[in-house]
1. Take the conditions in contact (Cβ under 8 Å) with a residue 12 or more places away in the chain and either surrounded by fewer than 19 Cβ atoms within 10 Å (Cβ to Cβ) or over 30 Å from B:Trp22 (Cα atoms) (or both) and apply them to A:Gly39. Does it pass?
2. Among the residues of region A:145-182, which ones are over 20 Å from the mean Cα position of the chain (by Cα) and at pLDDT 85 or above?
3. So which of B:Leu194, B:Leu232, B:Leu203, B:Leu173 ends up being loosely packed, with under 14 Cβ neighbours inside 10 Å, touching a helix residue (DSSP H, G or I) at 6+ places or on another chain (Cβ under 7 Å) and assigned to a helix (DSSP H, G or I)?
4. Among the listed residues A:Gly142, A:Gly131, A:Gly162, A:Gly150, identify the single one that is assigned to a helix (DSSP H, G or I) and either more than 9 Å from every other protein chain (Cβ to nearest Cβ) or surrounded by fewer than 16 Cβ atoms within 10 Å (Cβ to Cβ) (or both).
5. Look at B:Phe99 and say whether it is in contact (Cβ under 8 Å) with a residue 24 or more places away in the chain, within 16 Å of B:Tyr231 (Cα to Cα), surrounded by 18 or more Cβ atoms within 10 Å (Cβ to Cβ) and more than 14 Å from chain A (Cβ to nearest Cβ).
6. In region A:50-75, how many are without any contact (Cβ under 8 Å) to a residue 24 or more places away in the chain, within 25 Å of A:Val116 (Cα to Cα), surrounded by fewer than 21 Cβ atoms within 10 Å (Cβ to Cβ) and more than 7 Å from every other protein chain (Cβ to nearest Cβ)?
7. Counting only residues that are within 11 Å of another protein chain (Cβ to nearest Cβ), out of contact with any helix residue (DSSP H, G or I) (no Cβ under 6 Å at 6 or more places or on another chain) and part of a helix (DSSP H, G or I), how many does region B:1-29 have?
Amino acid sequence: MLSVHSVSKRFGGLQAVLNVSFDLRRGEVVGLLGPNGAGKTTTIRMISGYVPPDSGRVEVDGHDTLSDSLAARRALGYLPESAPLYGEMKTADYLDYRGRLFGMPRAARRAAIDRVIGRCWLGDVRRRRVGELSKGYKQRVGLAAAMLHGPGLLILDEPTNGLDPTQIRETRALIRELGREHSVLLSSHVLPEVEMTCDRVIVLARGEVRADERLAELVARHGSAEVIIEVSDPPGGPEGARRVLAGAAGVAGVARVERDGQQPGEAGWSRWRVAVETANGSGRDLREPLARAAASAGLVVRELRREAVSLERLFASMIVSQPGDDERTTVHPAADPAEGRR
Amino acid sequence: MKTFLAVMGRELSSLFRLPVGWIVIALYAFLTGVIFATQILRPGEAATMRQFFGVAGWLLIPVAPAISMRLFADEARSGTLETLMTSPVTDLAVVLGKFGGAAAFLIAMLAPTLVHVGLLAAFSEPRPDLGPIVAGYLSVLLLGMMFLAAGAFFSSLTSNQTLAFLASLFFLLFLLMVSLLGGYEAPVWLQGPLRTLAIAPRLTDFAKGVIDVSHVVFFLTLTGWFLVLTYLSLGSRRWR
C-alpha cells in the first residue's frame, strides 16, 4: 500500500530525515513514533507529497508521489497535525468541498458524507460552523474529511491530540476499525494509544529509523519491564529488604522508591523498584520470583505490580545507545515558513 | 476543471461568509454611490458616467488588496494549504480557482452599481450613450483583475494577511504614482517603460467609449504574468 524507499530531506544545514525506508501492507495499522524533532512530520509530508524528498522515493498504492502525484494523492487520506479547517464553513459544506476536490460525483459525495458523519459522531454539528466547534469536534471533522473518499491509505498526524478521555477512547476504537478497510499510518506520542491501535511501530530518532517491529518485541528488547514492590521491613530494616529482593533470580538492581518522591513512606514498610537483568531474558516477569523470595524471608508483600514502560523511557534507551549523536542538533526545522510562525 | 470550480466556489462563498466581504461590498457601494449622487446625477449635466468610472477604478486600490490578501496567506497560516495541496488538485487549478473566486467577487461587488446606470437612464433626457458605460465597466473589471492577480501573488509570499495587504497596497500605489507622474521625472531610458506601465491614459480611453485592443491586451497580460508568478511561488515549497 505504501513503500518508502530511503528518503532523505535536508533543511539548510540540518538533516531532518536520512535514508528512511519502510512499507505498509494493506489493512495494516502502523505507528510512527519518535520524540519531537525526530522527523515524523517531515516524513509524513514527503509521503503526502507536500514536500518532495531530496533523494529516494515514495509510492502510495503503486503510484510514485512525484511522477504520478495526482493518482498517489487520490489514494491517500491525510489529517495533518492540529487538523486545519476552514472556520467559516459548516461541517457538511466542508466535507462536501473535500469530496469535490477528490472528484466525487454528487450522489457518492452525499452517501460518503452521511457515512463519515455517522462514524465520527458529527451528527450534532452537521450544520454548525467549523470555527465554533470544540477542539475534539474539529479533530473529528478533520478525520472525517480524511476518510471521506475511501482512501487506501490514511495518514493521521497525532489524531487524538486535544481530545477528552472519552473521545480518545472512541477515536482509538475507530482507528482500530478503520484498519480493517484502510492501511493506517499514525503518528503519536502516547504509548497506550499505539499499544491499542497499532500492529507495528516504526521509531524515528534524529531523522533515522531506529526500529521497525511489533511493539511487544520492541518493548521486550528496549524497555526494561520493572516491578514495583512494597514489603514489610525485616528486623534488619529497609536494607534487609533490599538484600532479600536483590537475591531473587533475574534481578539486575533494586532501588528504593519514595512515595510520590517526597513522603518517606509508612514506618515498617518500604517500596522498591526492581529492574530486570537484561542479559538473561529481557522483559521477563519478575513478580513471581520476587514474591517467592519475600515469602521465604518472611516479608509481607503489600503491593506488587509491573511498571508500564513509558514511551519516553523507550526512546531514551534507544537513542542514548547510538554513538555520535550528541553533536547533532535535535531542533526540528519548520518545513515551511507557516509552521515557524504558528 | 471540476476541482477548479470547487476551489473557486469555496473562495467566493468564503468571502460572503466573512465580514471582510460584506464590509468591502458595503464600502464600495457607499463610496461609488456618493460619487454618483453628487457628481453624476445633477440637473443640467450630460448623461455620462465618465467621472464615476474614474473613481470606481481608483477605489479598487484599497479594495482589491482587501479581497486578495486572504487567498493564500490565510490558508498558509491556518494550515489548510497543506490539506489543499495534498488533495488531487493541480497547482494551476488552485491558482486559477482562487483568482477566479476573487474575480467573481469583484463582479458581485460591481453589480449593485448597475442601479446607477438604471437611474441615469430613467432620469436623463436624452438617454445616456451605452458605449462609454460598457467600456467603463470593462475597464474597471480589467483593472480589478490585474490588481487581484497582483494581490494573489503577494498573498502567496507570506502567511500574514496584513503583510499581504500592505505589499499589494504599496505596489498599487506605486502604479498610481507612475501613472500620475507620467515618468517625466525619470531618466530618459526609463521614460518609455514607465509610460507603458501608466494606467491612467488607458482608463481615459476606455471612459471615452473606446475599447482599444492594445489596452485590453495590456491588462490581461499583466494579470497573466502575476498569475504565473503566483503559480511559481506556490510551487516553490517543492524546492525551497
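1. Working: in contact (Cβ under 8 Å) with a residue 12 or more places away in the chain: yes; either surrounded by fewer than 19 Cβ atoms within 10 Å (Cβ to Cβ) or over 30 Å from B:Trp22 (Cα atoms) (or both): yes.
Yes.
2. To start, the set of residues in region A:145-182 that are over 20 Å from the mean Cα position of the chain (by Cα) comprises A:145, A:148-152, A:181.
Once the filter is applied, which keeps residues that are over 20 Å from the mean Cα position of the chain (by Cα) and at pLDDT 85 or above, region A:145-182 yields A:Ala145, A:Leu148, A:His149, A:Gly150, A:Pro151, A:Gly152.
3. Working: B:Leu194 fails: loosely packed, with under 14 Cβ neighbours inside 10 Å; B:Leu232 fails: touching a helix residue (DSSP H, G or I) at 6+ places or on another chain (Cβ under 7 Å); B:Leu203 fails: loosely packed, with under 14 Cβ neighbours inside 10 Å.
On inspection, the qualifying residue turns out to be B:Leu173.
4. Values: A:Gly142 fails: either more than 9 Å from every other protein chain (Cβ to nearest Cβ) or surrounded by fewer than 16 Cβ atoms within 10 Å (Cβ to Cβ) (or both); A:Gly162 fails: assigned to a helix (DSSP H, G or I); A:Gly150 fails: assigned to a helix (DSSP H, G or I).
Answer to the check: A:Gly131.
5. Details: in contact (Cβ under 8 Å) with a residue 24 or more places away in the chain: yes; within 16 Å of B:Tyr231 (Cα to Cα): yes; surrounded by 18 or more Cβ atoms within 10 Å (Cβ to Cβ): yes; more than 14 Å from chain A (Cβ to nearest Cβ): yes.
So B:Phe99 fits the description; yes.
6. Residues that pass the stated criteria total 1.
7. So the count comes out to 9.
Okay, residues lined up against (1) more than 10 Å from chain A (Cβ to nearest Cβ); (2) surrounded by fewer than 17 Cβ atoms within 10 Å (Cβ to Cβ); (3) free of Cβ contacts under 8 Å to residues at least 40 places away in the same chain; (4) not in a helix (DSSP H, G or I):
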position: B:Arg42; (1), (2), (3), (4): yes, yes, yes, yes
position: B:Thr48; (1), (2), (3), (4): yes, no, no, yes
position: B:Ala64; (1), (2), (3), (4): yes, no, no, no
position: B:Ala73; (1), (2), (3), (4): no, no, no, no
position: B:Pro88; (1), (2), (3), (4): no, no, no, yes
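The values are calculated or read from the model by the stated rules, or taken from the named source; none is laboratory data. These numbers come from a predicted model, not from an experiment. Because the Cβ atoms are built from the backbone with ideal geometry, glycine has one as well, and the counts that use them run over all protein chains shown.
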